Amino acid sequence: MGDERDSRLGNSRALPSDVLDGPSNVLLMGSPMDSRTLDTGFSLLTASPPERTRVLWVTLLNTPREVVDIWDSYCSVRPDRLRVVIVGGGLSVTDTVDDPAVGAHTVDDPADLTTLGVRVLNALATLETDEDVDLCLRFDSLTTLSQYVSREGLARFLHVLTTRLSDAGVRAHFHLDPMAHDSQTVSTFASIFDTQVRVDDDGLSLSSR
């Protein structure tokens with residue numbers, strides 16, 4: 001993929017500071033059933049103290065209540081603000097959370113990438129601030145979204161979105177299950193991101209452009 005750097009890491013806590021600090025776009029590749037994939041994702045979300053972190057969580061898999069439950073199971077302190085973008089009409093936005101710091105936005109049709117992009121950027125705008133806080137995004141997952149749109153269409157969407165996220169100073173990571181895609185698809189998506197982190201039987205590996 002033309003990467004300039006490729007290294008083997010021992011575990012999620014070994015992620016280097018240039019990935020954890022400041023804006024970045026990371027493709028996190030691993031089985032969603034592997035706890036190390038989840039651990040690594042949370043290491044990206046919680047590089048800064050939660051009380052000065054604002055999180056945008058885009059999901060095709062969970063309701064707002066489930067997102068908060070996942071967060072609570074990993075971290076005893078919730079982020080300063082948490083916004084959930086729910087993609088797909090099968091997820092219930094009424095499964096709400098009694099917490100004023102948590103809000104939800106919806107996209108009924110996963111194939112409508114234009115609306116998805118607008119919802120993500122609008123939700124992000126509700127988190128932006130001049131205060132000393134970090135903005136983080138988790139996208140769960142590209143594998144699920146790829147069931148509704150073409151590879152080419154999704155790649156164009158990601159090119160635009162990751163550029164906008166970088167401009168906004170967001171530390172973002174997107175989940176992909178590499179075992180669910182052919183090598184060309186994995187390579188196409190990986191080439192879009194600044195950094196790729198892969199979780200496999202040998203541990204974690206890091207590639208950067």
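Within the accessible area of the chain, the carbon and sulfur atoms contribute 45%, probe 1.4 Å, all protein chains present. For the chain, with a Gaussian network of springs between Cα atoms less than 10 Å apart, report the residue from 86, 192, 70 with the top mean-square fluctuation. In this elastic network of the chain, the residue with the biggest mean-square fluctuation among 86, 192, 70 is 70. With a Förster radius of 41 Å applied to the beta-carbon distance between residue 168 and residue 33, the computed FRET efficiency rounds to 0.80. Scattering from the stretch 117-209 was approximated by placing one identical point on each alpha carbon and applying the Debye formula without solvent; log10 I(q)/I(0) at 0.16, 0.18 1/Å stands at -0.73, -0.90. As a calculated quantity, the FRET efficiency between residue 76 and residue 179 at R0 = 30 Å, using C-beta atoms, amounts to about 0.40.
Dividing the summed helix terms, -39500 (n - 2.57) for each DSSP H run of n ≥ 4, by the number of residues in the chain produces a 222 nm estimate of -9500 deg cm²/dmol to the nearest 500. Annotation note: trypsin sites (Lys or Arg not before Pro) in the stretch 94-155 located in DSSP loop regions with a Cβ neighbour count of at most 11 within 10 Å are absent. Considering only beta bridges that DSSP places wholly inside the chain, some 25 percent are antiparallel. Shape summary of the stretch 141-188, radius of gyration then Dmax from alpha carbon positions: 11.4, 32 Å.
Taking θ as phi - 60° and the Karplus parameters 6.51, -1.76 and 1.60, the scalar couplings of the stretch 163-169 work out to 5, 5, 5, 4, 4, 8, x Hz in sequence order, x denoting glycine and proline.
Out of 187, 43, 146, any idea which swings most in a Gaussian network model of the chain, alpha carbons joined below 10 Å? Sorting by GNM fluctuation, first place goes to 187. Highest mobility in the GNM of the chain, judged by mean-square fluctuation with C-alpha springs under 10 Å and restricted to 115, 63, 106, is found for 115. Across the chain, the volume of the C-alpha convex hull divided among the residues equals 114 Å³ per residue.
The values are calculated or read from the model by the stated rules, or taken from the named source; none is laboratory data. Remember, it's a predicted structure, so these values are computed and weren't measured experimentally. Cβ atoms come from the backbone with ideal geometry, glycine included; neighbour counts cover every protein chain shown. Accessible surface areas use protein heavy atoms only, side chains included; no ligands, DNA or RNA. Shrake-Rupley method; radii C 1.70, N 1.55, O 1.52, S 1.80 Å.
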